[in-house]
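Every number in this text was worked out from the coordinates using simple rules, so none of it is lab data. Please read all numbers here as calculations on a predicted model, not as lab measurements. Cβ sites come from the backbone with ideal geometry, for glycine too, and all protein chains shown count toward neighbours.
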């Protein structure tokens with residue numbers, strides 16, 4: 001393992017052998033499935049992070065409203081926090097639908113969340 005270029009062997013189909021998840025790709029359909037799976041995983045993780053952010057921001061705003069104690073400035077700040085959280089949730093849901101439509105147009109199943117959660121639960 002002295003030289004990375006010596007460790008990577010070019011496969012007959014032009015792919016890389018023994019170089020991460022792309023090392024098993026030997027055909028165009030395999031490359032498409034690998035790329036689609038990668039994009040699905042990234043979108044799934046970003047969606048989960050966005051929903052966690054929504055919950056934390058929303059409840060943070062609610063707690064700020066409860067703790068404002070009649071202060072108009074604190075109440076307005078809390079309302080803005082809740083509004084921002086709801087707008088973020090709507091943008092996230094809209095982005096999921098847009099990506100699904102683009103996937104349908106190109107014939108790629110980008111948003112296969114069942115496969116994503118199957119990857120997360122398998123050891």
Inter-label distance for residue 76 and residue 49, nm, one decimal - labels placed 7 Å from Cα along Cα-to-Cβ: 3.3
Modelled FRET efficiency - R0 22 Å, residue 66 with residue 90, Cβ distances, 0.05 increments: 0.35
